[in-house]
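For reference, the structure is listed below as structure tokens.
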Amino acid sequence: MRRLGLMEATLTSSEYTYGFSVDERKGIYNFDCSGMTYWVLKKATPRAAAALRWGLEQRPLARDIYRRIASIPVESPRHGWRRIPRVDALEPGDVIAWIKPKVIQSPNTGHVGFVVLPPARVPGYDNAYLVRFTDSTRLLHDDDTRQGRNGFGKGTILLVSDPETGAPVAYGWVGLKWRAFETDIALGRPLE
């Protein structure tokens, strides 16, 4: 969370791009969602970041981050990560990664970013939560800080959980303002 706060405090320019260009002194942060997540983890929790890259020839994409987190047994942390089984157990600094639903036309493999605030249950629903989320994106979330631009910022998404297990089963990109998409979602806590 300190690293994300520092980025927000020094931000002068950010653009969502598949390339990667960061100049911390000038406050320039240009990357996609997985590039941002991997860069933040390398700075804050190097062991967790290294685990994401194992066996890959390039930096991890959203699907790679999802797969690594999803492969961790809930009962035992591994390689600098703890998998979080329930949406209501998320804490600031946790990572949410999902696979792109088949109905969405996009070259992206999914999406990934960090939880900023604990999930807030949607009134009247036992298994729907609004989550303040920081990421790098072209498409804004609800109550987004990126007004008029893209790249690094914060917004609110929706996570829907299985009513019996509490595991995430769907996300809503724009909080409650648009439909939710069912897909595979992994929740992880970087530890070291």
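The values are calculated or read from the model by the stated rules, or taken from the named source; none is laboratory data. Values in this document were obtained by computation on a predicted structure and should not be read as measured data. Here the Cβ is made from the backbone with ideal geometry for all residues, glycine too, and neighbour counts use every protein chain on show.
So the values come out like this:
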quantity	calculated
Some residue of the range 71-82 being basic (Lys, Arg), closer than 21 Å to Leu159 by Cβ, assigned to a helix (DSSP H, G or I) and touching a residue at least 24 places away in the same chain (Cβ under 8 Å)	no
Residue that is farthest from Gly35 (Cα to Cα) [pool: residues in the range 64-77 that are buried (at least 19 other Cβ atoms within 10 Å of the Cβ) and of a type in the set (D, E, K, R)]	Arg68
Candidate set: the range 83-104, residues that are assigned to a strand (DSSP E or B) and of a type outside the set (Val, Ile, Thr); chosen: the one nearest to Phe20 (Cα to Cα)	Ala97
Residue within the range 44-54 that is of a type in the set (D, E, K, R) and not in a helix (DSSP H, G or I) present	no
Cross-chain or 6+ apart pairs with Cβ under 6 Å, the range 144-155 first and in contact (Cβ under 8 Å) with a residue 40 or more places away in the chain and over 17 Å from Val131 (Cα atoms), then among the hydroxyl-bearing types (Ser, Thr, Tyr) and assigned to a loop (DSSP other than H, G, I, E, B)	Asn150/Tyr16; Gly151/Tyr16
Unmet requirement for Gly93, which otherwise passes all of (1) touching a residue at least 24 places away in the same chain (Cβ under 8 Å); (2) out of contact with any Leu (no Cβ under 9 Å at 6 or more places or on another chain); (3) of a type outside the set (D, E, K, R)	(2)
Qualifying position, being at pLDDT 95 or above, closer than 20 Å to Arg63 by Cβ and over 15 Å from the mean Cα position of the chain (by Cα), among Ala186, Ala120, Ala180, Ala128	Ala180
Subset tally (residues that are over 28 Å from Ser71 (Cα atoms), assigned to a strand (DSSP E or B) and among the aliphatic types (A, V, I, L, M)) for the range 137-192	0
Total residues in the range 19-37, condition surrounded by 14 or more Cβ atoms within 10 Å (Cβ to Cβ), more than 15 Å from Thr109 (Cα to Cα) and either without any contact (Cβ under 8 Å) to a residue 60 or more places away in the chain or among the β-branched types (Val, Ile, Thr) (or both)	4
Members of the range 1-18 that are in a strand (DSSP E or B) and surrounded by 15 or more Cβ atoms within 10 Å (Cβ to Cβ)	Ser14, Glu15
Counted residues, the range 168-177 - those being over 16 Å from the mean Cα position of the chain (by Cα) and surrounded by 13 or more Cβ atoms within 10 Å (Cβ to Cβ)	1
Residue check, Pro107 part of a loop (DSSP other than H, G, I, E, B) and at pLDDT 95 or above	no
Residue within the range 39-49 that is farther than 15 Å from Phe114 by Cβ, at pLDDT 95 or above and either surrounded by fewer than 23 Cβ atoms within 10 Å (Cβ to Cβ) or under 15 Å from the mean Cα position of the chain (by Cα) (or both) present	yes
